[in-house]
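These notes concern the structure reproduced below.
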Amino acid sequence: MEIFELRYFVEVARHENIHRASERLKVSPASLSKAIARIEGELGAKLFVRDGRNIRLSDQGKLLKLRATQILAMEESARMEISGHRGQIQVVMAGPEVLLSKMGLELSDQISKRNPGASFEYHACDDDRALREVGSGDAHLAIVSSEETPGLVSKVIGETDFVTVVGPGHPLYASAKRGRTVPVEEVLEHSFVSPSRPILGRVGLKQSMDGWRDDRFTRKVAFLTSSLKLLEELVRRGRGLAYLPEYYAERLGVLTLKVSGCPYSCKQKIRLVARRPQDHGWLKGLF
């Protein structure tokens, strides 16, 4: 097996789609099919099975994907350490969109300074999927707020508190602008904007998707959305209050509302996660 063939195979395995891998690699689908056929002939095993019009990894394919990912990481690390050719890397990063847009971009800048030719691919997804992608080798890094990262290497890269925010045009905007503390009972008279899935990262077990304790202080959630962009616009236009990570609220151009009478709060520790950072020369300095 040639290194380029393993690289072709891993990309097809990641997407379980030859045409998508072809677009990513800028290699013809025919070339990818030939490379996979050569590997299958050499190993005497089928790496993919047909599933209707789609393909999926066979058990042998899943094993080869794991081993091939390790081989490619070793090849990349050896080339960079021995030849000194730094920067020709493609970094795949997974995690909730809100974390990628903050910590992910900051981390990308840090990596780019050390490896000027680096390119980046971002997978916006929830914590669980991000950790699975790192574990399977589909992503080099995950940025998550999960406390549990079994079998993976992690380190805390930030902490944040959640705050109640209000945009211009909302009835409570003037109170926030004056710095007035508003009783939680008054806050609950107004509608909220809330995510319908964990786009803000993982929160506590008894907390809603945005970290609010609706079991104790039930809100009127008038707007549910799975879109971070739509959530931003609804808050900016004063359609509803929102409970958001402090670092994120600061970027929206909205105001933080001081709330009294609510003893509960949401806090997150943000973690950077990788599987075996020692396998990649460029990853070692991040952990």
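Things to note:
- Tilt relative to the chain, helix 127-136 - C-alpha long axis, 0 to 90 degrees, to 10: 10 degrees
- Spin-label model, Q110 to E147: label points 7 Å out along the Cα-to-beta-carbon direction sit 2.4 nm apart.
- Value of Rg to Rh for segment 1-85 (Rh from inverse mean 1/r over Cα pairs, i.e. Kirkwood): 1.00
- For the chain: relative contact order, % (alpha-carbon pairs under 8 angstrom, 6 or more apart): 21 percent
- For the pair S196 and S226, the difference between a 0.36 nm per residue extended length and the Cα-Cα distance amounts to 10.3 nm.
- Comparing the chain with the 2.2 N^0.38 Å rule of thumb, its C-alpha radius of gyration ratio is 1.21 (two decimals).
- Fraction of beta bridges assigned by DSSP in the chain that are antiparallel (%, nearest 5): 55 percent
- Each pair of Cα atoms in segment 50-181 enters the Kirkwood radius, and Stokes-Einstein at 20 °C and 1.002 mPa s then converts it into a translational diffusion coefficient of 119 µm²/s.
Every read-out reported here was derived from the displayed coordinates using simple, explicitly stated rules and does not represent laboratory data. Only a predicted model underlies this, so the values are computations on that prediction, with no experimental measurement involved. All Cβ positions, glycine included, derive from the backbone under ideal geometry; neighbour counts span all protein chains shown.
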